1. Taking the range 147-173, which residues are in contact (Cβ under 8 Å) with a residue 12 or more places away in the chain and open to solvent by 50 Å² or more (accessible area, probe 1.4 Å)?
2. If you check Leu91 against the conditions, is it open to solvent by 80 Å² or more (accessible area, probe 1.4 Å), closer than 20 Å to Leu163 by Cα and at pLDDT 95 or above?
3. Report the residue count in the range 104-115 for those that are open to solvent by 100 Å² or more (accessible area, probe 1.4 Å) and modelled with pLDDT under 85.
4. Say we look at the range 72-89 and pick out the residues that are touching a strand residue (DSSP E or B) at 6+ places or on another chain (Cβ under 7 Å) and of a type in the set (S, T, N, Q); which of these is nearest to Phe3 (Cα to Cα)?
5. Condition (residue is closer than 17 Å to Ile239 by Cα, out of contact with any Cys (no Cβ under 7 Å at 6 or more places or on another chain) and part of a strand (DSSP E or B)) applied to the range 163-181: is it met by at least one residue?
6. For Ala69, all conditions in the list (1) farther than 17 Å from Asp26 by Cα; (2) outside any loop (DSSP other than H, G, I, E, B); (3) touching a strand residue (DSSP E or B) at 6+ places or on another chain (Cβ under 9 Å) hold save one; what is the number of the exception?
7. Within the range 207-229, identify whether any single residue is within 27 Å of Gly122 (Cβ to Cβ), modelled with pLDDT under 95 and exposed (fewer than 13 other Cβ atoms within 10 Å of the Cβ), and answer yes or no.
8. Please work out which residue is farthest from Ile83 (Cα to Cα), limiting yourself to the range 9-31 and to residues that are open to solvent by 90 Å² or more (accessible area, probe 1.4 Å) and touching a residue at least 24 places away in the same chain (Cβ under 8 Å).
Amino acid sequence: MDFPKSPFLIQRIVSIASGPDDLVLDFFAASGTTGHAVMAQNVIDGGRRRFILVQLPEPLDPESNEQKAASDFCDSLSKPRTIAEITKERLRRASHKMSAEAPMLSGDNGFKVFKLATSNIGAWDPMAKDLAGTLLEAVEHIQDGRTDDDILNELMLKLGLDLAVPMEQRVIHGKKVHSIGGGVLLVCLDSAIGTKDYEPLAMGIAAWHKELAPAGETTLVFRDSAFADDVAKSNLTAILNQHGLDNVRSL
């Protein structure tokens, strides 16, 4: 980098200015020095600090003397030539280094990468000249090419859940069900829930919810287009309601 941050200086600042459970934000991450420094300080004092690093995917110019080394480095990793890729690789290597140097460390040196995108859930945008066609296109609300992880993360943001809360999944009656935050959010994004599926699926979800025993109210989310008909949807909702799960939504 043209003006690299000193990891020792940033770590010193983190040690002075933050507590063991604080969240550290660097809005110009560059090579990821701040994240590296936070990990290093956690190793020293046993802290549980977390960090948010923001970095645009600024392109690197292989023809520039100042950026050639960074560009070649990205090429060696078979990654796009951007500063953001260097940020991520620095954090991966720092995490491996900290884990090797402090095997007894109980903290989590993993990280997630997010990028700004449009909503995964299509907005209702009727075309006056083709209302029938618009209605047919709106049957499936999920945008094409979006993964379960994309949808789950958007749901977490909209419900105000921390993006770092625990997540696990279980297959119930052949359908993948996600539990987020210890059961605060339960999501089934399976594309087909038929008339023979709703009862065992609902009973299985209710049993897992009882096992998880979340402290607060649970929100359940299903893919609206997955239900074979309104009967399957209403019956599944009724069974869940009977087991105290009243907040049932569909996308």
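1. Asp148, Asp150, Leu159, Asp162, Ala164, Pro166, Met167, Arg170, His173
2. So Leu91 does not fit the description; no.
3. 3
4. Top of the filtered list is Thr87.
5. yes
6. (3)
7. Taking every residue of the range 207-229 in turn, at least one turns out to be within 27 Å of Gly122 (Cβ to Cβ), modelled with pLDDT under 95 and exposed (fewer than 13 other Cβ atoms within 10 Å of the Cβ).
8. It comes out as Asp21.
The values are calculated or read from the model by the stated rules, or taken from the named source; none is laboratory data. Computed from a prediction, not measured in an experiment: that's the story for all the values here. Methodologically, a virtual Cβ is constructed for each residue, glycine included, from the backbone with ideal geometry; neighbour enumeration extends over all protein chains shown. Quick note on the areas: whole protein, heavy atoms, side chains included, nothing else; ligands and nucleic acids left out. Shrake-Rupley method; radii C 1.70, N 1.55, O 1.52, S 1.80 Å.
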